[in-house]
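Worksheet for the structure shown next.
Where a number appears in this text, it was derived from the coordinates with a stated rule and is not lab data. What you see is a predicted model; the values in this text were computed from it and never measured. Every residue, glycine as well, gets a Cβ built from its backbone with ideal geometry; the counts of neighbours run over all protein chains shown.
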Amino acid sequence: MEDVIMKVKGEDYRRSVFWRVAREIEDSILLGVFRDYDYMATTKDLCKEYGVSDKTVSRAIWFLKERGLLVKELGVGIKVVDNAIEKVREIRKMEAEGLVDELMYECNVIFGKDMYVELYRMIGKYIDKVHEAAAQEKIEKDGMIKMGV
């Protein structure tokens, strides 16, 4: 499964259309739209929903089966596996660790021995943005509560 996490046939798949579809299905699992043991829509319906070809949907479904998130039941359909949310979280954690490794490598190449200083600066900027977004979300949520929405 680890090969399927970051590479498909040796190429980085993160820019491909099938990956975007697979990622959106994973997001739907995380959000509870698709729950454990739910059956997926037909390929035709998924094509319409995501605006892609049947080949793209088939590749996304294959990809998610390889990741252990979906199973095909002959004559019935494609089903979300048990504990799917935890499996998606674990996969995303491993992907994030891989991205951190890539970032560390790039920082080392670009900044050399000062890599850690630059990396901490970049991470600090990101954390500031996350905090700002969380604060804004809280302000908006509090405003909606006061308005009775």
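What the table shows:
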read-out	value
Packing-based order for 127-137, 57-67, using average beta carbon neighbours within 10 Å, highest first	57-67, 127-137
In Hz, Karplus ³J(HN,Hα) per residue of the range 103-120 (6.51, -1.76, 1.60; θ = phi - 60°; x = Gly, Pro)	5, 4, 4, 4, 4, 5, 5, 7, 10, x, 5, 8, 4, 5, 4, 5, 4, 4
Filter on K93/K129; K65/K93; K48/K93 - keep pairs with C-alpha separation over 23 Å	K48/K93
Rg [Å, one decimal], Dmax [Å, integer] - the range 85-147, C-alpha atoms	17.1, 53
Net charge, V100 excluded, C-beta distance under 13 Å - Lys, Arg +1, Asp, Glu -1	-3
Fewest-first ranking of F111, F18, using other Cβ atoms within 10 Å as the exposure measure	F111, F18
Per-residue Cβ neighbour rank within 10 angstrom, fewest leading, M122, M115	M122, M115
Relative frequency of Cα-Cα separations exceeding 12 Å in the range 65-116, percent	71 percent
Rg in Å to one decimal, and Dmax rounded to a whole Å, for the range 19-64 via C-alpha atoms	9.9, 26
